[in-house]
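Here is the structure we will look at, set down as structure tokens.
The values are calculated or read from the model by the stated rules, or taken from the named source; none is laboratory data. Quick caveat: nothing in here was measured; it's all calculated off a predicted structure. Reconstructed Cβ throughout: ideal geometry from the backbone, glycine too, with neighbour counts over all protein chains shown. With ligands, DNA and RNA removed, areas are computed over all heavy atoms of the protein, side chains included. Shrake-Rupley method; radii C 1.70, N 1.55, O 1.52, S 1.80 Å.
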Amino acid sequence: DKGNHRHFMEKEIYEQPEVISHALGQYIDFIENKVNPMTAAIDFAKVPSLAISACGTAYLAGLVGKYWFERYARLPVEIDVASEFRYREIPLSPQSAALFISQSGETADTLASLRYCKEHGLKIGAVVNVKESTIARESDAVFPIMAGPEIGVASTKAFTCQLSVLATLAIGAGRARGTVSEAEEKALVRSLAEMPRIMGKVLNSIQPTMESLSRELSKCKDVLYLGRGTSYPLAMEGALKLKEISYIHAEGYAAGELKHGPIALIDENMPVIVIAPHDRFFEKTVSNMQEVAARGGRIIFITDEKGAAASKLETMSTIILPNVDEIIAPMIFALPIQLLAYHTAVFMGTDVDQPRNLAKSVTVE
Ligand code: F6R
């Protein structure tokens, strides 16, 4: 049932505040402002490193997770798409743990990567939506994302729920490893607790801008997305969403890689979507944006209030989100990229919920 939405994808985008709030309730003690005690199956205090693997959007959630585990838990992370991970012959330590992220819990390559790690003696954690899935069954610890059924082939609410669960795991691992203090944990958890309300506000306020921008995007053949830090995986996720449902060619790049190649693509016809909250990377990303502007590129700038005030560059459009703490920025900034892809596809008249050639669950290699 789509309720009063045109597509399941739209419904699922708007469900995010609710499902995330539900999911966080499982992982967080909002009275004490603490992450709930973690599973005993994986000893995050002792593991020397973490391996993460997944496909598609779930992989991009894992890539954000890598930044968090490294930053908050000082835990080195090896991550790759499952189709490479399973064949790379990665030297793995049996003392390590591995996390597999999958909405369906049935993705063939992700399952094969899981079995590879299991054979090498690693403890296995599964971040899944379908709790009865094969990936969940074969894991030592299951971390449900509790997004509810996701019908739209393009993943939206599963992505932000995966991120939310990974954030709590990274904070919990940080506490176990003594790299996150009690005060830091409280502050991080408070930010997470605020997230559903902020998401609701953002979803209500940006829709008209996204809809009008989608008319512009629908005329384009190629779109470039740029970001740094955790906004880099988001840039790739933005590009993935756009190509999946609108069939417009899009690429997501680390902003710092611009001058190593993609800058050659920039002309007056090329929209460049810059994802840049006012974080410690902001100035660097703005200088990349200047390079785009100097070559006549049309910039769609997705930033926050501080970022909008700090940048004087002329853009085709600036989307201003509220200032939020760094830990929740990826979930908040996911919203405009989802809506932009959605409205572009609707405007172009594609089959949004069932894009051509794609399947919701990829059970063959
Ligand atoms: C993108 C998308 C796919 C899936 C990928 C993994 O919108 O839906 O890229 O993320 O096929 O699927 P799961 O998460 O079921 O393993």
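Of note:
- Region 289-331-region 183-245 distance, computed between alpha-carbon centres (Å): 12
- Cα-based shape type of region 127-224, given that a ≥ b ≥ c are square roots of the gyration tensor eigenvalues and the cut on a/c is 1.5: oblate
- Per residue, the accessible area of the chain comes to 40 Å² when a 1.4 Å probe rolls over the protein heavy atoms.
- Fraction of beta bridges assigned by DSSP in the chain that are antiparallel (%, nearest 5): 5
- Region 1-153: antiparallel DSSP beta bridges as a percent of all, rounded to 5: 10
- Ligands, DNA and RNA left out, the accessible area of the chain computed with a 1.4 Å probe is 49% carbon and sulfur.
- Nearest-ten-degree value, helix 56-73 long axis tilted from longest Cα axis of the chain: 70
- Highest-fluctuation residue, Asp267, Asp222, Asp80 considered, GNM on the chain with Cα pairs under 10 Å: Asp267
- Neighbourhood net charge (13 Å Cβ-Cβ; Lys/Arg +1, Asp/Glu -1) for Phe69: +3
- For Arg298, residues with placed amide H under 5 Å, excluding near neighbours: Met270, Val272
- When nucleic acids and ligands are ignored and a 1.4 Å probe is applied, His22 ends up with an accessible area of around 110 Å².
- Per-residue ellipticity at 222 nm, computed for the chain from helices alone with -39500 (n - 2.57) per DSSP H run of at least four residues, works out to -15000 deg cm²/dmol.
- Between the Cα long axis of helix 108-119 and the first principal axis of the chain there is an angle of about 30°, rounded to the nearest 10.
- Principal-axis analysis of the Cα atoms of the chain puts helix 16-27 at an angle of about 20° to the longest axis.
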